[in-house]
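A short worksheet on the structure shown next.
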Amino acid sequence: QVQLVESGGGLVQPGGSLRLSCVASGLTFSWYAMRWYRQAPGKERDLVASISPAGGSTNYVDSVKGRFTISRDNAENTVTLIMTSLKPEDTAVYYCNVPAYNAWGQGTQVTVPS
């Protein structure tokens, strides 16, 4: 009964910024690593960023390193993805994920036009 709900997507101009949030319920949130994935039409769902349970360790795919920041607030059961210097190649549906449960949210659309 783990549930994840993403929010914050939308249309952003190239070079702009956006903050995505994911609120989790049904688990002891602070015990689990969290991930953000994204999927563009016709492409596989790819891991974008991950964060350890206490937030002390993060990892990013090379294409977003230096531009995106993953963080979490365990008191609010929330994981956040702050995206800056957005590019058209970042256009995708973004999903949060709890790997230990293989739980997924419904996704939020991010569009960066050319």
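The values are calculated or read from the model by the stated rules, or taken from the named source; none is laboratory data. Because the structure is a prediction, the values reported are computed rather than measured. Positions of Cβ are backbone-derived with ideal geometry, glycine not excepted, and every protein chain shown enters the neighbour counts. Accessible surface is based on the protein model in full, side chains and every heavy atom, while ligands, DNA and RNA are left aside. Shrake-Rupley method; radii C 1.70, N 1.55, O 1.52, S 1.80 Å.
Quick notes
- Residue check for residue 23: touching an Asp or Glu at 6+ places or on another chain (Cβ under 9 Å), within 19 Å of residue 109 (Cβ to Cβ) and either modelled with pLDDT under 95 or of a type outside the set (Asp, Glu) (or both): yes
- Taking (1) surrounded by fewer than 16 Cβ atoms within 10 Å (Cβ to Cβ); (2) modelled with pLDDT of 95 or more in turn, residue 49 satisfies each apart from (1).
- Qualifying residue in region 43-54 (condition: assigned to a loop (DSSP other than H, G, I, E, B), free of Cβ contacts under 8 Å to residues at least 60 places away in the same chain and closer than 17 Å to residue 1 by Cα): no
- Pairs are defined by a Cβ separation below 7 Å, a sequence spacing of at least 6 or placement on different chains, a first member in region 65-87 that is under 15 Å from residue 97 (Cβ atoms), and a second member that is assigned to a loop (DSSP other than H, G, I, E, B); the pairs so defined are 72/55.
- Enumeration of residues in region 1-18 that are open to solvent by less than 30 Å² (accessible area, probe 1.4 Å), assigned to a loop (DSSP other than H, G, I, E, B) and under 12 Å from residue 107 (Cα atoms): none
- Index of the failed condition, residue 100 passing every other in (1) touching a residue at least 60 places away in the same chain (Cβ under 8 Å); (2) closer than 22 Å to residue 28 by Cβ; (3) open to solvent by less than 60 Å² (accessible area, probe 1.4 Å): (3)
- Within the set 72, 35, the sole residue that is open to solvent by 20 Å² or more (accessible area, probe 1.4 Å), in a strand (DSSP E or B), in contact with a Pro (Cβ under 7 Å, 6 or more places away or on another chain) and under 18 Å from residue 2 (Cα atoms) turns out to be 35.
- The condition of being outside any loop (DSSP other than H, G, I, E, B) and of a type in the set (S, T, N, Q) holds for only one of 21, 63, 85, that being 21.
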